[in-house]
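Below: one structure, written as structure tokens.
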Amino acid sequence: MKKFGFVVLGAVAGVAIYETLRQAGYLDEITGAVKRTAGEYLDDPMMQVDGWVDTGKGNIKNAVHKADDTISNFVEDVKDKAQTVQETVEDAVEQPQDISE
């Protein structure tokens, strides 16, 4: 029964890795490189063009994925700083300091 669990876990991990690579555009880049190389070997200009198109799609997906990560990190940083400011203000309201001194 343990062996079956490892097989299922391996399959799930494989699917997760595949989806990550697909969303990040790496699979398109790899497909494009393979098509370009095959087109050069077979002397097929259309296959080479298809390879360049796939590589371009992969590069665009990769750039969008990186931009999404950057924006998500920026939003999280802003949320954290806003939370810190809110806590500071709440602390100041709870324990006012005498500023007349």
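Every number here is computed from the coordinates shown, using simple stated rules; none is lab data. Just so we're clear, the structure is a prediction, and the values are computed from it rather than from any experiment. Cβ sites come from the backbone with ideal geometry, for glycine too, and all protein chains shown count toward neighbours.
Report the label-to-label distance for D43 and E19 in nanometres (one decimal), using points 7 Å from each Cα along the Cα→Cβ vector.
The two pseudo-label positions are separated by 4.6 nm.
Give, rounded to the nearest 20 debye, the magnitude of the charge dipole that the range 16-87 has about its Cα centre when Lys and Arg contribute +1 at Cβ and Asp and Glu contribute -1 at Cβ.
In debye, rounded to 20, the range 16-87 gives about 60.
What number of lysine-lysine pairs in the range 16-87 show an alpha-carbon separation below 22 angstrom, given a sequence spacing of 8 or more or placement on distinct chains?
Eligible lysine pairs with Cα atoms under 22 Å apart amount to 4.
For T37, what charge total do you get from the other residues with a beta carbon under 14 Å from its beta carbon, if Lys and Arg give +1 and Asp and Glu give -1?
-4
If you average the sequence gap of Cα pairs under 8 Å that are 6 or more apart and divide by the length of the range 16-87, what percent do you get for the contact order?
About 31 percent, as a whole number.
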